[in-house]
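In what follows, a single structure is set out as structure tokens and then discussed.
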Amino acid sequence: MARLKRQICRLVLDYFDKTYTNELGDQWQIVREVLTVPGLWQYAVLLNNFQSHTETRKHLRMHGYDQLTHPTFPKSLHCYINRNPGKFPGQRHQRGMIKEYYILNASSLLPVLALDVKHGETVLDMCAAPGGKSIALLQCASPGHLHCNEPDFHRSRWLQETLESFVPLPHRNVISTTELDGRLIGRTRANTYHKVLVDAPCSNDRSWLFSSDVQQAAERISQRRTLPAIQTELLRSAIAALRPGGSLVYSTCTLSQAENSAVVSNILNSCPDVLPVDLSDMANTLSHEFTFAANVTHGLLVLPHKGKAWGPMFVSKLIKL
């Protein structure tokens, strides 16, 4: 089994080395070291405002966690991070029980913070499973309606379980879930939402290194070529679903330029009714916690580094005229 895993990692890493040495230059070797050693990975703990967590805060501090804070963060957002690798124990799903916290990669909060949802707004989370960003969004604001969509049947069940685990029943009346093809939502629900989050399906660089078999790893590398077209269609649909004056955030958890900046560039070149939003202030103010790649067009790219092993996470924001 260990030999097979090494074979899979070798197959994927050879592909990554060819791609990312060209795209990231010297930074790739630093990122590569973190991505290939799960023992270096860090995890954050997002507290759930629908549940009391006094004891949880005490346990987090005892284990070396500090609250991630910034003047621009919503005061209702309580996320704790540890400078050391490791994961805080999770909580099992129990029907009828509301969990106190959600374990996540801290960079997953950046798309939610960039979206900047306000109380009462109508929001679409187009590719919502497993539900972490939907949960984070609910810690930041109380939307008038949150539409969580996930087309994959199994992942949709996962999303439902996440919502049941973190949102009490009386508060779920503002949440709807569907299993629609996100690429079609723009046609059926045009000009509907104030905000849209497109956390697109992508070649998740962490999980790809640990694929279950050689064939699957090879298939994923092959499928990587088709993903930008799908991502572009999802983004076009999101723009159509937005109200004029509304904004969207496009995010992925890959380092790939083809799936990140190139997708956004394609949209900007073909959609005259959208403009990019400058996120450089976010990068400047959070550079003490996250390492951002230099010279990224139309967005931010978080690079995993030792002691800041967050990401990969690409974040881009657009506004509809």
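The values are calculated or read from the model by the stated rules, or taken from the named source; none is laboratory data. What you are looking at is a predicted structure, and each value in this text was computed from that prediction instead of being measured. Note: ideal-geometry Cβ built from the backbone for every residue, glycine included; neighbour counts use all protein chains shown. Please note that ligands, DNA and RNA were not included when accessible areas were found on the heavy atoms of the full protein model with its side chains. Shrake-Rupley method; radii C 1.70, N 1.55, O 1.52, S 1.80 Å.
Partners of K308 within straight-line reach, counting aspartates and glutamates whose Cα lies under 18 Å from its Cα and excluding those fewer than 8 residues away in the same chain: D26, E33, D66, D205, E289.
Distances between placed amide hydrogens fall under 5 Å for A200 paired with S251, all partners being 5 or more residues away or on another chain.
Amide H to amide H, with H built 1.01 Å from N, A44 comes under 5 Å of L104, N105, A106, counting only residues 5 or more places away or on other chains.
Across the stretch 177-321, the mean sequence separation of Cα contacts (distance under 8 Å, 6 or more residues apart), normalised by length, yields a relative contact order of 28 percent.
Surface composition of the chain: carbon plus sulfur atoms hold 53% of the accessible area, using a 1.4 angstrom probe and ignoring ligands, DNA and RNA. In percent, rounded to a whole number, the relative contact order of the chain is 20, using alpha-carbon pairs under 8 Å and six or more apart. Annotation: S280 carries an accessible surface of approximately 50 Å², with a 1.4 Å probe and no ligand, DNA or RNA atoms counted. Given the alternatives (i) 18.2; (ii) 21.9; (iii) 16.1, mean projected area of the Cα convex hull in nm² as computed for this entry is given by (iii). Over the chain, DSSP H runs of length four or greater, each weighted -39,500 (n - 2.57), average out per residue to a 222 nm ellipticity of -11500 deg cm²/dmol. Peptides 83-90, 232-239 ranked from most to least packed by the mean count of surrounding Cβ atoms within 10 Å: 232-239, 83-90. Across the stretch 15-28, computed HN-Hα scalar couplings (Karplus, 6.51 cos²θ - 1.76 cosθ + 1.60, θ = phi - 60°) run 5, 4, 4, 5, 6, 7, 4, 6, 7, 10, x, 5, 5, 4 Hz from first to last residue, x flagging Gly and Pro. Taken over the Cα atoms of the stretch 203-270, the convex hull encloses 89 Å³ per residue.
Under the simplified labelling scheme, the L275-S287 pair shows an inter-label distance of 2.6 nm, with each label point 7 Å from Cα along Cα→Cβ. From the square roots a ≥ b ≥ c of the eigenvalues of the alpha-carbon gyration tensor of the stretch 165-283, which class results: rounded (a/c under 1.5), prolate (a/b over b/c), or oblate? Judged from the Cα gyration tensor, the stretch 165-283 comes out oblate (a/c at least 1.5, b/c at or above a/b).
Take the residue pairs K58/K317; K58/K133; K133/K320 and return only those whose Cα atoms are more than 30 Å apart. In this structure, K58/K317 lie more than 30 Å apart at Cα. Of the residues N105, N173, N204, the one that moves most in a GNM of the chain with alpha-carbon contacts below 10 Å is N173. Residues considered: N295, N82, N49. Largest GNM mean-square fluctuation over the chain, using C-alpha springs under 10 Å, is found at N295.
Given a 1.4 Å probe and the protein chains as shown, H298 ends up with an accessible area of around 70 Å².
P(r) tail, the stretch 1-133: Cα-Cα pairs separated by more than 17 Å, 70% of all pairs. Couplings 3J(HN,Hα) for the stretch 149-159, derived from phi with the Karplus relation 6.51 cos²θ - 1.76 cosθ + 1.60 (θ = phi - 60°), are 10, 8, x, 6, 4, 5, 5, 5, 5, 5, 4 Hz, where x marks Gly and Pro. For T54, the accessible surface of its heavy atoms amounts to roughly 80 Å² (probe 1.4 Å, protein chains only, rounded to the nearest 10). Relative contact order (percent) for the stretch 46-166, with alpha-carbon contacts under 8 angstrom and 6 or more residues of separation? Normalised by residue count, the contact order of the stretch 46-166 is 28 percent. Taking each residue as 0.36 nm, the span from D66 to T178 lengthens on full extension beyond its C-alpha to C-alpha distance by 36.7 nm.
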